[in-house]
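Student: Next up is a structure, given as structure tokens.
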Amino acid sequence: MHIPFDNSYAKLPPQMFTAQLPTPVEAPKLIAANAELAAILGIDPADVTGPEAAQVFAGNHIPNGAAPLAQVYAGHQFGNWNPRLGDGRAVLLGEVIGTDGVRRDIQLKGSGPTPYSRSGDGRAWLGPVMREYLVSEAMHAMGVPTTRALAAVTTGEDVYREERLPGAVIARVAQSHIRVGTFQFFASRGDLAALHALTDHVIARHYPDANGPAELLDMVIARYAKLIAKWMGLGFIHGVMNTDNVSIAGETIDYGPCAFIDDFHPDSVFSAIDQYGRYAYANQPGIGAWNMAQFATALIPLMPDRDQAIADFTAAVHRMPALFEAEWLAVFGAKLGLANPREDDRKLITDLLDLMAKDGADFTNTFASLDTDTARDQFLNRDAFDAWAEHWSLRKSDSAAAIMTQANPQIIPRNHRIEEVIVAGKTGDMAPFHALLAAVTDPYASLTEATAPFARAPSKNEQVTRTFCGT
């Protein structure tokens, strides 16, 4: 398989990574491959399903030009500082400049232990690999900046997570895998040379219009505010917004205990490790600002006047809530078919969300059906919804139907459907995975007899209330 590598991270100071080969596996077998993404990366689409594909995506065969490495970083995990983390189960094969001119990483996740594994086996089991493939490709189809899935393979080996489970590897693609925690690692160690090199690299790679760290901070904050607003508009909960899981490129990264809300409750938490609701749905904007404060702190050592930098960077972080609120209004305004949302539309939106929360209305199906007579069926208090709808009818645009069609997906990767796929996959049955993948990557299409079951909300006994990290 020819991959047109053009590596740049591997040329940075050596303390930023460890050269690391993937650990070969016994009998890799291809589960899925993304021919469309391969073409964007400049890879022959036929190669990603060819006879060599499983060996490459499992890490058994290293393509010419690759520079395999594991990145080091630090991070705040649920608010607690961890000074040394890193790619514990992932190896960056290298970078390519795509046919669209964008530089991207190709990383193998689940490819074996690294110096940052912290006594782990460096492997992944099939369930989290399927989840990340499905959710990341669905997010891309819904217009959310995200890592993407290039391929997934089973390894022919078992891993042990309280039980024997089938092993798997996912090849994922990102504009980069540089995180807030990458900056924190070098700032915390006082390694200004590495911090300068990293900052220059990120500016050149992601923010070429930024003139120094202050403008870089402003631009990252703006992207992150927009990203979280998109999450909120889909009822998406990342589940583990640690600073080591915050992409500097402004992409959604590290799909672990993520979930989409079914019955809408703003305080929803799915992650089994988020015992206190730090990363609940409604808390995500505030946590986003907290994470940007940590990024700002990591940049301060680069500034010539520390006191002035603290004042300027604090002001920059304090601007984030207003940026988020503007993005939130645009996202939810479109979901209501408002061509030019105004500040006074905020009450119309929040009134609907309050009704949904009170009655436990299904988040996705409520918005998907707003322009039909079935929307009121989502509510217990239908008189209250009818009263709201009357106010809405006076405000929505003439082009509301067209706007809403593009803003409200019919199908998301619902938690119970993902669990069904994982259960089937453990027995070797991949048909449900491919059926769900086809549905969630065409989320705005009108429902058909074949796709309607994927839009159905879970029954009470199908509901998934806890999700787990992708280990």
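The values are calculated or read from the model by the stated rules, or taken from the named source; none is laboratory data. Owing to the predicted nature of the structure, the values given are computational and were not obtained by experimental measurement. Glycine gets a Cβ as well: all are built from the backbone with ideal geometry, and neighbour counts include every protein chain shown. Only protein heavy atoms, including side chains, enter the accessible area calculation; ligands, DNA and RNA are left aside. Shrake-Rupley method; radii C 1.70, N 1.55, O 1.52, S 1.80 Å.
Student: With labels modelled as points extended 7 Å from the Cα through the Cβ direction, what inter-label distance (nm, one decimal) is found for T99 paired with D305?
Tutor: Calculated label separation equals 5.1 nm.
Student: Now, a different point. Averaged per residue, what accessible surface does the range 35-90 expose to a 1.4 Å probe, in Å²?
Tutor: Values: 2120 Å² over 56 residues.
Result: 38 Å² per residue.
Student: In the chain, what percent of the accessible surface is made up of carbon and sulfur (1.4 Å probe, ligands and nucleic acids excluded)? Spell out each step's value before the answer.
Tutor: Working: 9820 of 18700 Å².
Carbon and sulfur: 53 percent of the exposed surface of the chain.
Student: Give the separation of the Cα centroids, the range 130-151 to the range 388-421, in Å.
Tutor: 20 Å
Student: On to the next question. Beyond 22 Å between alpha-carbons counts as too far, so tell me which of K226/K358; K358/K396; K11/K226; K226/K460; K109/K426 fall in that bin. Can you show the working numbers first?
Tutor: Details: K226/K358 27 Å; K358/K396 24 Å; K11/K226 31 Å; K226/K460 33 Å; K109/K426 19 Å.
Over 22 Å apart, Cα to Cα: K226/K358; K358/K396; K11/K226; K226/K460.
Student: Can you give the convex hull volume of the alpha carbon atoms of the range 320-471 per residue, in Å³? All intermediate terms of the calculation are to be shown ahead of the outcome.
Tutor: Numbers: hull volume 22.3 nm³, N = 152.
Here the figure is 146 Å³ per residue.
Student: Okay, moving on. Of the listed peptides 320-333, 176-189, 66-79, 198-211, what is their order by residue-averaged count of other C-beta atoms within 10 Å, with the highest listed first? Present the calculation step by step, with values, prior to reporting the outcome.
Tutor: On the way: 320-333: 19.0, 176-189: 24.5, 66-79: 20.8, 198-211: 16.1.
Highest to lowest by the protection proxy: 176-189, 66-79, 320-333, 198-211.
Student: Just order 271-283, 108-120 by mean Cβ neighbour count inside 10 Å, highest at the front, would you? Please list the in-between numbers first.
Tutor: Numbers: 271-283: 16.9, 108-120: 20.0.
So the peptides 271-283, 108-120, ranked by packing, come out 108-120, 271-283.
Student: From a point 7 Å beyond the Cα of Q15 in the direction of its Cβ, which residues of the range 64-98 have a backbone N at a distance under 14 Å?
Tutor: Counting backbone N atoms under 14 Å from the label point, the list is 72-74, 84.
Student: Could you rank C469, C258 by how accessible they are, 1.4 Å probe, largest area first?
Tutor: Per-residue accessible area, sorted high to low, gives C469, C258.
Student: How much area per residue is accessible in the range 381-454 when the probe is 1.4 Å and only protein heavy atoms are counted (Å²)? Provide the component values of the computation, followed by the final result.
Tutor: Working: 3730 Å² over 74 residues.
Roughly 50 Å² per residue, with all protein chains present.
Student: Restricting to Cα pairs below 8 Å that are 6+ residues apart, what does the relative contact order work out to for the chain? Please round to a whole percent. Present the calculation step by step, with values, prior to reporting the outcome.
Tutor: Working: 933 pairs, mean separation 69.6, N = 471.
Computed over the chain, the figure is 15 percent.
Student: Which order do peptides 403-414, 432-443 fall in by mean Cβ count within 10 Å, highest first? Each step should come with its number before you reach the end.
Tutor: On the way: 403-414: 21.9, 432-443: 18.9.
Ranking, from highest mean packing down: 403-414, 432-443.
Student: Averaged over all directions, how much area does the convex hull of the C-alpha atoms of the range 59-131 cover when projected, in nm²? Please list the in-between numbers first.
Tutor: On the way: hull surface 27.3 nm².
One quarter of the hull surface, i.e. the mean projection, equals 6.8 nm².
Student: Here is a follow-up. Determine by what factor the alpha-carbon radius of gyration of the chain differs from 2.2 N^0.38 Å, reporting the quotient. All intermediate terms of the calculation are to be shown ahead of the outcome.
Tutor: Values: Rg = 22.3 Å, N = 471, 2.2 N^0.38 = 22.8 Å.
Rg over 2.2 N^0.38 Å, computed on Cα atoms: 0.98.
Student: Ok, one more. At 222 nm, what helix-only mean residue ellipticity would the chain give, in deg cm²/dmol to the nearest 500, using -39500 (n - 2.57) for each DSSP H run of four or more? Spell out each step's value before the answer.
Tutor: Working: 16 runs with 189 residues, N = 471.
Computed mean residue ellipticity for the chain: -12500 deg cm²/dmol.
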